[in-house]
Structure formats: structure tokens, C-alpha cells
There are 2 protein chains.
Amino acid sequence: MKKIGKQTIQFEKNPTIISTASIVGPKEANGPLAKYFDKCLEDAMWGEKSWEKAESKIVKETVNTLISKSGIPTNKIEYCFAGDLINQCISSSFGLRELSVPFYGIFGACSTFVESIQLASVFIENGIKYTISCASSHFCSAERQFRFPLELGNQRPPTSQWTVTGCGSLILSSNGDGPHITHITSGKIVDMGIKDANNMGAAMAPAALDTLITHFKDTNRLPSYYDAIITGDLGYIGRDILIELCDKAGYNIKPNYNDCGILIFDKSKQDTHSGGSGCGCIASVFSGYLFEQLKTKKLKKILLVATGALMNSMSSQQGETIPGIAQAVSIEI
Amino acid sequence: MKKIGKQTIQFEKNPTIISTASIVGPKEANGPLAKYFDKCLEDAMWGEKSWEKAESKIVKETVNTLISKSGIPTNKIEYCFAGDLINQCISSSFGLRELSVPFYGIFGACSTFVESIQLASVFIENGIKYTISCASSHFCSAERQFRFPLELGNQRPPTSQWTVTGCGSLILSSNGDGPHITHITSGKIVDMGIKDANNMGAAMAPAALDTLITHFKDTNRLPSYYDAIITGDLGYIGRDILIELCDKAGYNIKPNYNDCGILIFDKSKQDTHSGGSGCGCIASVFSGYLFEQLKTKKLKKILLVATGALMNSMSSQQGETIPGIAQAVSIEI
């Protein structure tokens with residue numbers, strides 16, 4: 001691997017995505033991408049006694065599906081990088097505690113999925129054969145933890161996003177001919193002083209801008225190099241802010257840019273206000289829909305940019321701002 | 001780098017620890033290691049309005065001290081790996097939001113510090129010049145979050161450990177002649193069914209055993225190879241369990257084994273029950289005391305094993321067990 005520019009690593013051996021898997025909840029099953037997911041749940045509890053246990057089960061079964069689809073024996077998988085939004089990342093650690101694969105817990109809020117791909121790809125580039133990357137979220141466990149328990153029936157402001165119930169995961173390999181990772185651009189923490197915990201898109205868009213512009217400069221590429229630039233998850237409001245910020249910086253991303261929070265739900269039929277969010281959004285949209293577009297060569301070059309809001313519910317109560325971060329990975333076939 | 005055995009990576013270029021820094025709270029300042037820390041606080045609030053803000057300030061100032069001691073300009077540092085115990089790891093993200101260095105948030109509970117060294121050392125081994133590894137904890141913010149607010153004045157059971165108020169951090173470099181990382185052994189999640197959130201030592205000891213034995217087998221080494229085997233933080237109860245478990249597995253670690261949770265407080269004068277704990281314990285004990293022992297060659301070969309309990313306060317309320325993990329790094333001079 002080779003460092004280029006300020007924050008980008010260019011790979012020489014091209015870590016390859018040989019398999020993906022995704023499981024989503026009932027609302028996501030009614031969205032436009034339903035057919036791309038491995039499993040759509042009819043009930044967000046999935047027979048468990050709590051939302052948290054349901055989320056862990058989704059993680060566990062997604063990774064089981066992943067391994068089974070890949071045909072790789074579990075004991076050949078050398079590392080697992082995983083994280084989620086629940087306090088102390090228990091959805092991942094409880095979901096994967098029986099996996100028996102060396103485990104790295106990570107936390108980048110909704111940037112976790114791409115962070116897990118970035119770290120895994122550095123291991124693969126340097127001699128490791130197989131790794132798992134994984135991220136999840138659950139609408140009900142996230143609402144209870146970050147905002148209000150669902151039973152309160154609180155109103156949601158128009159800027160709010162809907163946390164996706166879902167998990168996405170993938171296996172990276174040092175061999176294979178699937179879509180491969182060509183570059184990773186690692187994000188800095190960017191804090192522009194946004195304090196509204198119901199407007200994550202606005203809080204995260206400046207971080208997305210920072211990582212995107214850095215990526216373009218580091219790689220000497222223009223937005224038009226990519227068939228698609230996909231963020232996850234700025235939603236409608238964050239997307240519009242990012243397009244405007246990029247435009248002001250001299251980069252026109254509008255023609256080939258979209259956001260997983262917009263892709264996963266149907267705006268006209270599903271009222272999610274500003275779109276989807278949560279680690280599980282970009283994770284399931286990539287592992288389901290986008291990976292299929294790459295495999296079938298409908299998209300050949302994509303830049304996947306995951307954005308995270310690095311706050312908790314107490315920090316907002318203590319009057320803190322919401323720092324953002326964005327992690328990018330360039331994938332080609 | 002070269003994978004040896006099941007879970008160990010052997011480095012060829014030997015990522016070097018060129019600088020460390022540590023800041024601890026007032027209780028730690030009264031302990032036997034006080035003189036090794038860069039700064040000992042007189043007040044755990046450090047002029048801030050909340051324990052959480054105080055912890056973020058400790059992180060920020062520790063890393064500022066680290067960079068200043070190292071003489072490396074911040075813009076030469078390519079990645080920062082950091083984590084803590086507070087929900088969504090805000091101590092790290094708020095503490096380091098002005099750092100302007102590409103950031104990877106990680107979570108391994110009290111194994112976080114060694115996880116941050118492991119990941120950073122893989123980057124350094126493969127062409128990156130400088131990285132920061134960092135972990136922190138704060139007694140007051142941890143008690144409020146995991147157990148009870150201090151104002152309640154709850155009694156603590158004899159098995160409980162005292163979360164260290166402190167932060168430790170280090171810079172790894174591809175050059176230099178300080179103590180260097182020779183191997184990392186990455187841990188699996190191990191869940192032996194312990195449910196007592198006031199007995200973390202017992203919950204984490206089986207994970208420490210698993211990683212230790214794997215390390216000895218992977219490297220073909222015996223415990224006697226090391227001048228010191230140091231866990232963080234099993235405390236008194238966990239230490240005794242680990243010695244017994246190792247003995248049953250045919251490895252006698254007793255002569256050269258100790259635990260950071262035991263080292264940091266004075267058992268006879270400071271009543272912490274089963275010893276210290278928290279990400280900040282092994283982080284500050286290594287960055288302060290152990291690094292000094294290595295630099296002055298009082299210790300030449302150490303195996304540092306950080307253990308984490310991958311639970312949150314809600315998981316215990318939901319009747320869950322406490323999965324553990326242990327991450328190991330071999331350091332020599």
C-alpha cells in the first residue's frame with residue numbers, strides 16, 4: 001500500500017469483496033430496495049424479548065448468512081471488524097460472541113461500516129487472507145437510547161432521520177475477482193458547531209465535504225471519475241447541504257451523487273421525514289443493492305462515504321455540539 | 001508483517017514507541033505510581049462543569065502533552081486510534097475533535113488501549129510514519145453510566161474494581177530506537193456465562209487465558225520468556241483466577257505476572273476493593289510506569305494484555321452475560 005496526498009492510502013493488491021449479506025426490518029422491506037436484501041423481517045423483534053436482543057440476532061444471522069454465502073469456513077476468517085450505535089457496541093459483541101474469530105470493536109457512529117472496511121482492507125493488503133466487516137442499527141433500540149422510548153409517541157421534527165433496522169456485512173479477501181478496494185480516505189473529526197440532535201444531516205455534511213474534497217485532491221480525481229458517489233446517511237437535508245458545499249468548493253457532485261438514507265425508503269409512500277440513517281443503513285444498502293450493481297457492472301466505480309455524528313444523548317443535554325466524521329472508500333470492478 | 005500460528009502477527013519492521021504521555025486523577029496521584037505520570041490532577045473535575053467534560057479535557061491535554069514531548073509536528077501524525085468507556089466514545093471524539101488528524105474510533109472496553117496499539121502497529125509496519133494510540137476513563141463518569149451516580153452513595157461489593165481516572169497515549173513510529181512492538185495477538189470474544197457486573201475480573205479472566213495461551217502457542221514461547229506479563233485490568237480477584245487457569249493449562253505465569261489494576265493503587269492505604277479498572281488504567285500505567293521501565297531497561301521484554309468486558313448497563317438489566325475479550329502486544333527493547 002502507498003500513502004498518497006494527505007489522508008489517502010492507495011492499495012496495490014486490491015482487497016476484494018468476495019461476499020456480502022444483509023438483513024433488514026419490516027419498514028425497509030416495504031422500501032424500493034427490498035429485493036436486494038438477503039432477508040426482510042416481518043417483525044422488528046424477531047421473536048426476541050427486547051429490541052437490543054433483536055438487533056444482536058440480526059447481526060448474528062447476517063454474519064452467519066455471509067459466511068454461508070461465501071463458502072469460506074469460519075476458521076479461515078482471520079479478523080472481524082464490527083460496530084453499532086448501541087452503548088458499548090453490544091449489538092456487535094453479543095451478536096458475534098459465538099463467532100470465534102479475532103474481534104476488533106470499532107465505533108464511528110454511522111461511519112462505522114466504512115471504517116470497518118478501511119481497517120480490514122489494510123490488513124488484507126498486508127498478507128491477511130479473509131476478514132469480516134460488519135455494522136448494524138435498529139430503529140427501536142436507537143430511538144430509546146438517543147431520543148425517546150417509542151411508547152411515548154413523541155413527534156419527530158421534519159429534519160429528523162429514521163434509523164434503519166438492518167445489518168450489512170462483507171468478506172474481504174486477498175484473492176478473487178469481485179469488486180475491489182482501490183483507495184481509502186480516512187476522515188478527520190469536523191465540528192462546525194451544530195447542536196440540533198434532530199438535524200444530523202446538517203451536523204455531518206461538513207465532515208463529508210472535508211473527506212470528499214481531500215479524496216479528490218489526494219487522488220487527483222474529479223467527481224465525474226466515479227459512476228456514483230454515495231454517502232450514508234445524510235438524508236435529504238444533508239444531501240442538499242453537501243451538494244451546495246461541494247459546489248462552493250468547486251466540485252460538482254450533483255450528476256452522480258446519492259445517499260443511502262434516500263435510496264432505502266420511498267419518499268412518497270414512507271414517511272421518514274429526512275430519510276434513513278444509522279450504521280445499518282449504508283451497511284445494508286451497500287451489502288444488498290450497491291454490491292449487486294457492482295457485480296453486474298451497472299456501476300463500475302463508486303466512492304462510498306459513510307458519515308458519523310460522534311455524540312451521545314448526554315452530550316446534547318450538556319450543551320455540546322455534534323462533531324462529525326466521514327470515512328471514504330473507493331471501490332471498482 | 002507475518003501471520004504466525006492462529007491469531008498472532010509478527011512484525012518485521014518493529015513499530016517503535018517514541019513517546020508516551022499520561023494524566024491521572026487525584027486518587028491515582030496518591031498511589032504508588034504517581035511519580036511516573038506527566039500530570040496528576042488535584043481535582044477530578046479539572047475546572048469543567050461535568051465529569052464527562054473533565055474526561056474529554058484529560059484526553060485532549062494528554063494528547064497535547066504527548067505531541068509536545070515527542071517533538072513531532074501534529075501535521076506529520078497520520079492516524080489517531082482512540083476510545084473510551086463513555087457511551088458512543090465521546091471522551092475521545094470530544095477530546096480529540098480539534099486534533100485534525102485522521103481518526104479511528106475504537107471500542108474494546110478496557111482492552112481499548114492495546115487494541116489501539118495493535119491497529120496502529122499494523123499501519124506503521126506497512127509504511128505509515130506516525131500514529132497516536134489513546135484510551136481514557138474517569139471514575140465519576142463511569143460510575144454514573146455503568147452503576148449509580150456517586151451522589152447516591154451506594155456501597156460497593158468486595159469484588160468490585162475502581163475505575164481509574166486517567167488517560168494514556170503513545171506515538172508509534174516507523175523509525176527510532178525505543179521499545180518496539182514485536183508481536184500482536186488478537187483476541188476472540190469469550191463468554192463463560194458470568195453475569196455479575198460487580199465482578200469484572202471473573203468475567204474477563206477466561207478471555208485473558210484464551211489470548212495468553214494462544215500467544216504462547218503461536219510464538220512458541222513460555223511465560224518465562226518475558227520479564228513481565230502485565231494484564232489490565234483484572235484486579236486482585238481476576239489475577240488470582242488467571243494464575244489458576246494458566247496453571248491448569250500448564251503455564252506458570254506467577255513469577256513474572258502482575259496487573260495494572262493492582263499496580264496503580266496501594267492496597268493497604270487506598271480502599272479500592274479488588275483494584276483498579278477502566279481503559280485509562282492500563283493506558284496510564286503503561287504510558288507512565290511501564291514505558292519508563294522499558295526505556296531504562298529495567299524490563300526488556302513485556303507482554304501487555306488488556307482485557308475488556310463487552311457489556312453495557314442495559315444488557316445486565318436484560319439478564320445478559322458478560323462477554324470478555326483480551327488483546328495482547330509483545331514489546332521489547
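Values quoted throughout were computed directly from the atomic coordinates according to the rules given, and no laboratory measurement underlies them. All figures in this text were calculated on a predicted structure; none of them were measured in a lab. Cβ placement follows ideal geometry from the backbone for every residue including glycine, while neighbour counts extend to all protein chains displayed.
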| request: Would you mind telling me the antiparallel percentage of the DSSP bridges in region B:2-173, rounded to 5? | output: 60
| query | Compactness ratio of region B:7-58: Cα Rg over 2.2 N^0.38 Å, N = residue count? | reply | 1.63
| remark: Quick shape check on region B:53-168: root eigenvalues a ≥ b ≥ c of the Cα gyration tensor, a/c under 1.5 is rounded, otherwise prolate if a/b tops b/c, else oblate, and it reads prolate
| query | What ranking do B:143, A:55 get, fewest neighbouring Cβ atoms within 10 angstrom at the top? | reply | B:143, A:55
| task | Could you give the size of the charge dipole of region A:180-332 about its Cα centre, using +1 on the Cβ of each K and R and -1 on the Cβ of each D and E, expressed in debye and rounded to the nearest 20? | result | 500
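Just want to confirm a number: the relative contact order over region B:180-332, from Cα pairs under 8 angstrom separated by 6+ residues, in percent.
Once divided by the residue count of region B:180-332, the mean separation gives 39 percent.
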| request: Using DSSP, restrict attention to beta bridges with both residues in region A:180-332 and report what percent are antiparallel, rounded to the nearest 5. | output: 65
| message | Give me the percent relative contact order of chain A, please, defined on Cα pairs under 8 angstrom at least 6 residues apart. | response | 25
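Mind checking A:161-169 for the average number of partner chain beta-carbons within 10 Å of each residue's beta-carbon?
0
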| query | Where in region A:14-54 are there GluC sites (Glu not before Pro) that are in a DSSP coil and have at most 11 other Cβ atoms within 10 angstrom of their Cβ? | reply | A:42
| Taking only C-alpha pairs under 8 Å that are 6+ residues apart, what is the relative contact order of region A:2-173 in percent? | 30
| task | With label points built 7 Å along Cα→Cβ from the Cα atoms of residue A:2 and residue B:75, find their separation and express it in nm. | result | 2.4
| task | May I ask you to order A:222-229, B:294-301, B:177-184 by the average number of other C-beta atoms within 10 Å around their residues, highest value first? | result | B:177-184, A:222-229, B:294-301
| Extension gain residue B:43-residue B:198, at 0.36 nm per residue separation less the Cα-Cα distance, in nm? | 53.2 nm
| Using alpha carbon centroids, what distance separates region B:35-72 and region B:150-175, in Å? | 14
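Please sort by residue number the trypsin sites (Lys or Arg not before Pro) in region A:152-229 whose DSSP state is loop and whose Cβ has at most 14 other Cβ atoms within 10 Å. Show your work: numbers first, answer last.
Numbers: sites: A:188, A:195, A:217, A:221; in loops: A:188, A:195, A:221.
Answer by residue number: A:195.
What average number of partner chain Cβ atoms lie no more than 10 Å from the Cβ of the residues making up A:79-88?
5
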| Which FRET efficiency value, to the nearest 0.05, is calculated for residue A:155 and residue A:254 with the Förster distance at 56 angstrom and r the Cβ-Cβ distance? | 0.95
| query | Quick one: if you stick a label point 7 Å off each Cα along the C-beta vector at residue B:227 and residue A:317, how many nm between them? | reply | 4.7
| request: Would you mind checking the pairs A:13/B:2; A:2/B:13; A:3/A:248; A:76/B:6; A:3/A:217 and listing those with alpha carbons more than 18 angstrom apart? | output: A:3/A:248
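Working out 0.36 nm times the residue gap between residue A:269 and residue A:129, then minus their Cα-Cα distance, what length gain in nm do you get to one decimal? Walk me through the numbers on the way to the answer.
Details: separation 140, 0.36 × 140 = 50.40 nm, distance 4.37 nm.
Contour length minus Cα-Cα distance gives 46.0 nm.
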| task | Within a 10 angstrom radius of each residue's Cβ in B:118-127, how many Cβ atoms of other chains show up on average? Whole number is fine. | result | 4
| said: Using DSSP to call loops (not H, G, I, E or B), can you name the trypsin sites (Lys or Arg not before Pro) in region A:72-145 whose Cβ has at most 16 other Cβ atoms within 10 angstrom? | reply: A:129
| field | For residue B:14, inter-copy label distances in nm, listed shortest first [label point 7 Å out on the Cα-Cβ vector] | value | 3.7
| query | Can you list, shortest first and in nm, the gaps between the label point of residue A:3 and those of its counterparts in the other copies, using a point 7 Å from Cα in the C-beta direction? | reply | 2.6
| query | Nearest 0.05, what FRET efficiency do residue A:295 and residue B:34 give at R0 = 45 Å with Cβ-Cβ as r? | reply | 0.15
| Given the C-alpha centroids of region B:184-212 and region B:100-126, what is the distance between them in whole angstrom? | 20
| DSSP H segments from chain B that extend 27 Å or more along their own axis, Cα-based, with Kyte-Doolittle mean of -1.0 or above | B:51-70, B:200-219
| request: Go ahead and estimate [θ] at 222 nm for chain A from helices alone: -39,500 (n - 2.57) per DSSP H run with n ≥ 4, summed, over the residue count, rounded to 500. | output: -9500 deg cm²/dmol
| remark: Inter-copy distances for residue A:34, nm, shortest first, label points 7 Å along Cα→Cβ, are 6.7
| field | Mean Cβ count within 10 Å, highest first, over the residues of peptides B:30-37, B:302-309, A:246-253, A:101-108 | value | B:302-309, A:101-108, B:30-37, A:246-253
